[in-house]
Amino acid sequence: MRLAPTRKNIRFYQRRMRQARMVARALQSKHHPVLAHIIPMRRCNLSCAYCNEYDKVSAPVSTQEMLRRIDLLARLGTQIITISGGEPLLHPDLDEILRAIRSHDIIATIITNGYLLTPERIERLNKAGLEHLQISIDNVNPDDVSKKSLKVLDKKLEWLKEHGDFDININSVLGGGIAHPEDALTITRRALDLGFETTVGVIHDHGGQLQPLRGEERRVYDQILSERRPGLFAFAYDNLFHKNLTMGQPNEWQCGAGSRYLYICEDGLVHYCSQQRGYPAIPLEKYTVEDIDREYSTKKPCAPFCTVSCVHRVAMLDMIRNDPRDSLFRLFPPLTPGGPPSYPPIVRALSSIFLPEPNGKPPGLARRLTTGMAMRAFGLKRTDKSPLRDNL
């Protein structure tokens, strides 16, 4: 007997379709932000020693002002809005802010330390339309560097497993003074046991710059990669960015901060990212498509050793957009030297639908019909160029 789909399953597939449309639209046009981080609350209930993104005194941004900023981001065509801080769960009207994001059909996510989560609070996040939540856990037991520990948060994780209707990612960290690097492996294993997505990050300095991994940290990182089951995007990110960062090597890439990625501080100014506040520092209401297009190709001197993964991940979409075949080969390299690229099935399928033939041969009727149906499903419009490119 076929069981009726659950609310959680229905929302899971709805999220995947919205995410697919987001990726397809990001690949078709470069003239809008893919992701914006917006800060409703600089204050935090913790004081992690390595963090420079909080204070203990700031009042929350007014709800009316937050709704106005969300409207402005929607007009710019923003596809994902992440609420972070400080600690966003301290904002008294976070649910209303999330509902406002979803009212524009924008993907709504939050980054939280998790301390304030309860079953009732998680249910409210469900009702508000939250689609993704990330918690970064720094150690197994709290210490002088960080209180974001598995010991304190494990019950919160169990509540998320039981009650959450949204995607959940647990991020473990290495480097930057973390006393017990082996804790990152314990945290990853616990997150996998609960069925959550997992990532591992390299802690940056106060300029967002690289602090390379050493001996035991490197061994733990390699063990995590061998055990975890990364999502498609995380797997590609590991291949393109993270492996170099863990070895202290620079990455060659074009940073899209200020264009495809925006960071809006509590004062309503647009910055490159949380680690480069002050550039360009333009009020959101004055930010235009011309600013987006200018910053798309502006060289950022901090880029080679940057560890801000959100900006990296957005840039991956533009790499595919600008040079799809070469970028996909770099993101999913051959398993053996000289072998074929290791494309996952979904990448192979989308490549066969959207990418032009490598020999320049015009697609046949069946291919054109399949591409047309796929574009309609993703809400895209044809242009006179490849479906992955827009009219520049």
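The values are calculated or read from the model by the stated rules, or taken from the named source; none is laboratory data. Worth saying up front: this structure is predicted, and the values here are computed from it rather than measured. Cβ placement follows ideal geometry from the backbone for every residue including glycine, while neighbour counts extend to all protein chains displayed.
Data for the structure
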item: Given (1) buried (at least 21 other Cβ atoms within 10 Å of the Cβ); (2) modelled with pLDDT of 95 or more, index of the condition GLN275 fails; result: (2)
item: Residue count, segment 141-159 (criterion: buried (at least 18 other Cβ atoms within 10 Å of the Cβ) and under 24 Å from LEU225 (Cα atoms)); result: 5
item: Of the criteria (1) more than 18 Å from SER84 (Cα to Cα); (2) touching a helix residue (DSSP H, G or I) at 6+ places or on another chain (Cβ under 7 Å), which one GLY268 fails; result: (1)
item: Pairs with Cβ under 6 Å, 6+ apart, first in segment 258-274 and assigned by TED's automatic domain parsing to the domain that holds HIS32, second aromatic (Phe, Trp, Tyr); result: GLY258/TYR272; SER259/TYR296; VAL270/TYR287; HIS271/TYR263; TYR272/TYR279; CYS273/TYR263; SER274/TYR263
item: In segment 1-51, the residues that are in a helix (DSSP H, G or I), among the β-branched types (Val, Ile, Thr) and more than 22 Å from the chain's Cα centre (by Cα); result: ILE10
item: Filter result for the condition that a residue is more than 21 Å from GLU266 (Cα to Cα) and in the same structural domain as PRO283 (by TED's automatic domain parsing), over MET22, MET66; result: MET22
item: The listed residue being free of Cβ contacts under 8 Å to residues at least 40 places away in the same chain, over 25 Å from THR118 (Cβ atoms) and either surrounded by fewer than 20 Cβ atoms within 10 Å (Cβ to Cβ) or over 18 Å from the mean Cα position of the chain (by Cα) (or both), out of ALA100, ALA74; result: ALA74
item: Hits in segment 292-347 - residues which are in contact (Cβ under 8 Å) with a residue 12 or more places away in the chain and over 20 Å from GLU252 (Cα atoms); result: ILE292, ASP293, PRO341, TYR343, PRO344, ILE346, VAL347
item: Segment 56-106, subset among the small types (Gly, Ala, Ser) and part of a helix (DSSP H, G or I), residue nearest to LEU46 (Cα to Cα); result: ALA100
